[in-house]
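Encoded as structure tokens, the structure appears first; notes follow it.
The values are calculated or read from the model by the stated rules, or taken from the named source; none is laboratory data. Fair warning: this is a prediction, and the values are worked out from it, not measured in the lab. With ideal geometry, Cβ positions are generated from the backbone for all residues, glycine too; neighbour counts draw on all protein chains shown.
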Amino acid sequence: MESLGYNKKLADIFLDKPELVIDFPDWMLSAKQIDAYRQMENLAIVEIAGRDSVAAAVKSVEEKGFTDLLPVYAYTGTEYGAWHSVEQAVERLSARLPRVKIHPLLVVGSPDFWRALNGRFVSELILRYNFFSPCPGCHLYLHAIRIPLAKKLGNIPIISGERELHSGQVKINQTGQALEYYLDVAARFNIRLLFPLRYIKQSKEIENILQFSWQRDKDQLECVFSGNYRLRDGSVGPLIKDVSRFFEEFAVPAANEIIAEYAKEKIADAMGIARRVLDRSEPDQKQNSD
């Protein structure tokens, strides 16, 4: 019954989506729990999303020998679906790794941080980078939002299910270049971001790691923007070079400054930081007119 009450509180957090990055309620993460996590030698955060995140956790345990895993779900402004699918992913992880301690699920998120990268400045970003998709900035947010927690718990690693190969499909938020940007942001704060599935090509390989059936994109929360950067024929609209400029000039510098504030145990003024980054990177109007 205690577990049911805890899960209900997590579901309520997901419903309300408050600022939840550095200040956690005691029932979710107390000072005593933080101290206990800091004492664990082989603890890693697992990014809980869909099946790839669970497979990544399994592969990381096999490769790195983690004995303790802390599942952490991060919310954005765009998910929908049954909250139980998140709990179910943790249950599947526990069943697949019976000899590993799977700690209680935590939830993190910041609507302001997400909006700063992916919402407020859409018109500006289209003018500058010739495209807009929330996916690159969203994935950057999803990795960055867990960094303050990883630091709080002793600079522990973060395991992610990112793959740059998807049976021949290109995903602009999971290209090799995109993954390098995510790694760079984590490394800036002395956090290891692990991509154990990075070069896995086929979904069949994921099923072999899981050792149970789990269809791609099933039993997980969905996003209202899914497929947004594809044209009607399925081809990718934005140019990769424009996506790279978006990362280099705006998203990565903004994320770095926002996380730096959280690392000081301050709630970041995400919108103000994003605006200042845009001001600094504003194209030279005279040069553009020449």
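Got at least one residue in region 75-83 being within 19 Å of Val108 (Cβ to Cβ), in contact with a strand residue (DSSP E or B) (Cβ under 9 Å, 6 or more places away or on another chain), surrounded by 21 or more Cβ atoms within 10 Å (Cβ to Cβ) and aromatic (Phe, Trp, Tyr)?
Within region 75-83, one or more residues are within 19 Å of Val108 (Cβ to Cβ), in contact with a strand residue (DSSP E or B) (Cβ under 9 Å, 6 or more places away or on another chain), surrounded by 21 or more Cβ atoms within 10 Å (Cβ to Cβ) and aromatic (Phe, Trp, Tyr).
Please list, ordered by first then second residue, the pairs with beta carbon atoms under 9 Å, 6 or more apart or interchain, first in region 218-233 and under 24 Å from Glu47 (Cα atoms) and free of Cβ contacts under 8 Å to residues at least 12 places away in the same chain, second assigned to a loop (DSSP other than H, G, I, E, B) and of a type in the set (Asp, Glu).
Filtered contacts from region 218-233: Ser226/Asp217.
Can you name every residue in region 180-208 that is aliphatic (A, V, I, L, M) and either farther than 22 Å from Glu91 by Cα or at pLDDT 95 or above (or both)?
Here is the first cut: in region 180-208, the ones aliphatic (A, V, I, L, M) are 183, 185-187, 191, 193-194, 197, 200, 206.
If the condition is that a residue be aliphatic (A, V, I, L, M) and either farther than 22 Å from Glu91 by Cα or at pLDDT 95 or above (or both), then Leu183, Val185, Ala186, Ala187, Ile191, Leu193, Leu194, Leu197, Ile200 are the ones that fit.
For the list (1) of a type in the set (Lys, Arg); (2) free of Cβ contacts under 8 Å to residues at least 40 places away in the same chain; (3) under 20 Å from Lys218 (Cβ atoms), I need the number of the one condition that Arg99 fails.
If we test Arg99 against (1) of a type in the set (Lys, Arg); (2) free of Cβ contacts under 8 Å to residues at least 40 places away in the same chain; (3) under 20 Å from Lys218 (Cβ atoms), just (3) comes out false.
Output the number of the condition that Glu282 fails; it satisfies all remaining conditions of (1) under 17 Å from Ser123 (Cβ atoms); (2) surrounded by 17 or more Cβ atoms within 10 Å (Cβ to Cβ).
Of everything listed in (1) under 17 Å from Ser123 (Cβ atoms); (2) surrounded by 17 or more Cβ atoms within 10 Å (Cβ to Cβ), Glu282 misses just condition (2).
Could you tell me whether region 164-173 includes any residue that is surrounded by fewer than 20 Cβ atoms within 10 Å (Cβ to Cβ), in contact with an Asp or Glu (Cβ under 7 Å, 6 or more places away or on another chain) and touching a residue at least 60 places away in the same chain (Cβ under 8 Å)?
For region 164-173, residues surrounded by fewer than 20 Cβ atoms within 10 Å (Cβ to Cβ), in contact with an Asp or Glu (Cβ under 7 Å, 6 or more places away or on another chain) and touching a residue at least 60 places away in the same chain (Cβ under 8 Å): absent.
What do you reckon, is His103 more than 16 Å from the chain's Cα centre (by Cα), more than 30 Å from Arg276 (Cβ to Cβ) and modelled with pLDDT of 95 or more?
Working: more than 16 Å from the chain's Cα centre (by Cα): yes; more than 30 Å from Arg276 (Cβ to Cβ): yes; modelled with pLDDT of 95 or more: yes.
Yes.
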